[in-house]
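Below is one structure, written out as structure tokens; the observations come after it.
The values are calculated or read from the model by the stated rules, or taken from the named source; none is laboratory data. Keep in mind it's a predicted model, so treat the numbers as computed, not measured. Note that we place each Cβ from the backbone using ideal geometry, even for glycine, and neighbour counts take in every protein chain shown. Each accessible area value is taken on the protein alone, full model and side chains, heavy atoms only, with ligands, DNA and RNA left out. Shrake-Rupley method; radii C 1.70, N 1.55, O 1.52, S 1.80 Å.
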Amino acid sequence: MRWSQTLIPTMRQVPGEAVVPSHQLMLRAGLIQQVASGAYSYLPLGIRVLRKVMQIVREEMDGAGAVEVFLPTLQPVEWWEQTGRREAYGENLFVVKDRHGRELAMGPTHEEVMTQLVKAYVSSYRQVPLTLYQIQTKFRDEFRPRFGVLRSREFQMKDAYSFDIDIEGLDKSYDAMYNAYCRIFERCGLHYVIVEAESGPIGGNASHEFMIPSPHGEDTILSSDGGDYAANVEKCEIGERAYDLAGEPTGELERVHTPGQATIEDVGKFMKVKPKNMLKTIVFESMSGDENGPQPDQPSHWALVVVRGDHEVNEAKVRGLIESRWGGKYVALADERRAREREGFEIGYVGPHAVVGKQSTAVIVDPDAAQAQFWASGANEADHHVKHFNWKRDVMDGLGDRAEELVIVADVRNAVAGDPSPRDEGVMVESKGIEVGHVFKLGTKYSDALGLKVADEEQKECPVLMGCYGIGVNRIIAAALEAEEGHDDRGIIWPTAIAPYEVVITPIRYEDRMKEVADDLYAKLSEQGVDVLQDDRAERPGVKFNDADLIGIPLRITVGDKGLANDEVEFKPRAAADAEMVALGDVLDRVDAYLNGG
Ligand code: ATP
Ligand code: MG
């Protein structure tokens, strides 16, 4: 491609709206243009990068035995209602109305449509295992689109779905995708880490996220310095810790008036107590119900979840615990009004001792909060807190025989740096990452909801186990730039495999012998199949060099008078500090060696 023929609107200025390097560089290098919040046009350089990433993804999907399809964006919203996801997705789901007044969802992901597709054509165990994938535009009405294409409302995703009839099959399909993901990110030149992620119905080790470490990542990763465990904070387990519910009080229980103090920080300042010496009590309700939803009129169970004031309750952990212990199906943060009217819980001021005297309430406490030390806590009364709360006196003795049954010490909070690792002797360390891919064992969630079953060898209907596997194609691009080795103060440094062009030829002036040699190299390299950009513009050399650095082409060949006097051109890898003179006759071989590691 000749520079003069294409459109590469480079910018010297850093656009004001862009705060992270990848967003700034994608705008400045003329890869993308914002059209609306979270919606971007891809300009000629941008689409070339996107295509290269897609090609790598396709090759690896095909290589792993997945088969490509292409599903529509518009989906019957009823299918989303059948799986309960219309509600679960909430406002993130774009819903449009057609001219007949019918609602259609714009796919943020395609589990429903894919399950329906397989249901239509697959009826026998002989037709599985089957893994289908597509690369397609997804729509999500993100609460906060930001950081350019890192979190947009319209983006390209590769999504794959596997169908199996037994766990062994699912495990195999999952592993095939997992390994393909490793190859994809390696080929894209990315340094990635794999973390355990929240796993939903199958539990255990059923979900992994592929993360690019970056200070601008929106995900928090905890890794053991012992090396054997890394997880998303949403899922990260915490190793064993000692606790003490039997120790003696530090003083008389003292009631303190704390008017209008809403947060733990405010209350702490007001009472002159550090958050780590306060107890935070969050009320959960577990409603009974059936497949049609919760039954709010039926009696429900309540759980007071207690963590230290400087810790955060992990809702998924709480839900998992309540589901496994009491079989609760509809577990959620308690509604403030319901909690007050039904059980007298004063949300915001609840303390663990509210459990005493209740019939269907339990306490679930994190080990770090289950200590005999000075505690401040809610007083179970609006605008009041207590000092010197003590587990033995105020809860255990009050519950008497039922204490063991009603007070459960368990891991129910988000892990933080310094926590013991659950898998090795190490201590957890915290970092930030960008989620570029996600593999997930779904189990029968969608096949059950949408009635997908196949006949086994004995002609008996059996459920279908699914997995889903997503990769954010645009996010890969931004993540590559976000990485430390992805840019410097002069611009982008592309990994060669996804660079828009592999080589840029920069004649100092596009005239005379310089033009002749540049054109000749351009023709020969193109013929060799190299992606080459010819800077044929009548710009000053400084402008050309700056642009070449900004758009980050891996190799620059500079053709100048001085070099040509010795039949040499200048050879400069983007990431290298210095250039090197190469004899004209050696250029093709050297380019080949540089690109193909020969
Ligand atoms: P996030 O937690 O970042 O919102 P997610 O977990 O909701 O993402 P998935 O449903 O797992 O995303 O989607 C699969 C992949 O699609 C993600 O791993 C990510 O790479 C990409 N992706 C998701 N949301 C966006 C978005 N708004 N913009 C760009 N890429 C996205
Ligand atoms: Mg995800």
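Numbers at a glance
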read-out	value
One residue from 218, 252 being open to solvent by 70 Å² or more (accessible area, probe 1.4 Å), of a type in the set (Asp, Glu) and over 33 Å from the mean Cα position of the chain (by Cα)	252
Verdict on residue 209 being within 16 Å of ligand 1 (Cβ to nearest atom) and either at pLDDT 95 or above or among the β-branched types (Val, Ile, Thr) (or both)	yes
Unmet requirement for residue 413, which otherwise passes all of (1) crowded, with 18+ Cβ neighbours inside 10 Å; (2) out of contact with any helix residue (DSSP H, G or I) (no Cβ under 8 Å at 6 or more places or on another chain)	(2)
Among residues of region 205-215, those that are free of Cβ contacts under 8 Å to residues at least 40 places away in the same chain and open to solvent by less than 20 Å² (accessible area, probe 1.4 Å), counted	0
Qualifying residues in region 1-19 (those that are touching a residue at least 60 places away in the same chain (Cβ under 8 Å) and under 29 Å from residue 141 (Cα atoms)) - the one surrounded by the most Cβ atoms within 10 Å (Cβ to Cβ)	18
Members of region 422-460 found to be of a type in the set (Val, Ile, Thr), away from ligand 2 (no atom under 16 Å from the Cβ) and out of contact with any Asp or Glu (no Cβ under 6 Å at 6 or more places or on another chain), listed by number	444, 454
Condition check for residue 430: in contact (Cβ under 8 Å) with a residue 60 or more places away in the chain, over 23 Å from residue 293 (Cα atoms), away from ligand 1 (no atom under 16 Å from the Cβ) and not in a helix (DSSP H, G or I)	yes
Failed item in (1) of a type outside the set (Phe, Trp, Tyr); (2) open to solvent by 40 Å² or more (accessible area, probe 1.4 Å); (3) free of Cβ contacts under 8 Å to residues at least 60 places away in the same chain; (4) touching a Phe, Trp or Tyr at 6+ places or on another chain (Cβ under 8 Å), with residue 338 passing the rest	(4)
Pairs with Cβ under 6 Å, 6+ apart, first in region 442-470 and more than 18 Å from residue 168 (Cβ to Cβ), second part of a loop (DSSP other than H, G, I, E, B) and away from ligand 1 (no atom under 16 Å from the Cβ)	452/464
Within region 562-598, considering residues that are among the acidic types (Asp, Glu) and over 19 Å from residue 524 (Cβ atoms), the one most open to solvent (accessible area, probe 1.4 Å)	578
Condition met for residue 443 (more than 16 Å from ligand 1 (Cβ to nearest atom), open to solvent by less than 50 Å² (accessible area, probe 1.4 Å) and on the phi > 0 side of the Ramachandran plot)	yes
Residue among 37, 22 that alone is among the polar types (S, T, N, Q) and open to solvent by less than 10 Å² (accessible area, probe 1.4 Å)	22
Some residue of region 17-39 being in contact with an Asp or Glu (Cβ under 8 Å, 6 or more places away or on another chain), part of a loop (DSSP other than H, G, I, E, B), away from ligand 2 (no atom under 16 Å from the Cβ) and closer than 22 Å to residue 495 by Cα	yes
Options 239, 260; residue that is surrounded by fewer than 21 Cβ atoms within 10 Å (Cβ to Cβ) and closer than 21 Å to residue 378 by Cβ	260
Total residues in region 355-398, condition touching a Leu at 6+ places or on another chain (Cβ under 9 Å) and in a helix (DSSP H, G or I)	8
Any pair with Cβ under 9 angstrom, 6 or more apart, that starts in region 163-188 at a residue that is without any contact (Cβ under 8 Å) to a residue 40 or more places away in the chain and ends at one that is among the aromatic types (Phe, Trp, Tyr) and not in a helix (DSSP H, G or I)	182/192; 182/210; 186/192
Residue 397 in the same structural domain as residue 271 (by TED's automatic domain parsing), more than 16 Å from ligand 2 (Cβ to nearest atom), in contact (Cβ under 8 Å) with a residue 12 or more places away in the chain and acidic (Asp, Glu)	no
Any chance residue 228 is of a type in the set (D, E, K, R) and either part of a helix (DSSP H, G or I) or more than 15 Å from ligand 2 (Cβ to nearest atom) (or both)	yes
Residue in region 67-91 that is farthest from residue 138 (Cα to Cα), counting only those that are in a strand (DSSP E or B) and open to solvent by 70 Å² or more (accessible area, probe 1.4 Å)	67
Output for region 160-178, where each listed residue is touching a helix residue (DSSP H, G or I) at 6+ places or on another chain (Cβ under 9 Å) and not charged (D, E, K, R)	160, 161, 162, 163, 165, 167, 170, 177
Hits in region 571-591 (condition: closer than 26 Å to residue 486 by Cβ and assigned to a helix (DSSP H, G or I))	590, 591
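Per-residue answers, yes or no, for (1) closer than 22 Å to residue 390 by Cβ; (2) open to solvent by 30 Å² or more (accessible area, probe 1.4 Å); (3) at pLDDT below 95:
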position	(1), (2), (3)
273	yes, no, no
278	yes, no, no
283	yes, no, no
287	no, yes, yes
290	no, yes, yes
294	no, yes, yes
308	yes, yes, no
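Residue-by-condition table, conditions (1) touching a Leu at 6+ places or on another chain (Cβ under 8 Å); (2) more than 9 Å from ligand 1 (Cβ to nearest atom); (3) open to solvent by 40 Å² or more (accessible area, probe 1.4 Å); (4) not hydrophobic (A, V, I, L, M, F, W, C):
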{"site": "136", "(1), (2), (3), (4)": "yes, yes, no, yes"}
{"site": "141", "(1), (2), (3), (4)": "yes, yes, yes, yes"}
{"site": "158", "(1), (2), (3), (4)": "no, no, no, yes"}
{"site": "171", "(1), (2), (3), (4)": "no, yes, yes, yes"}
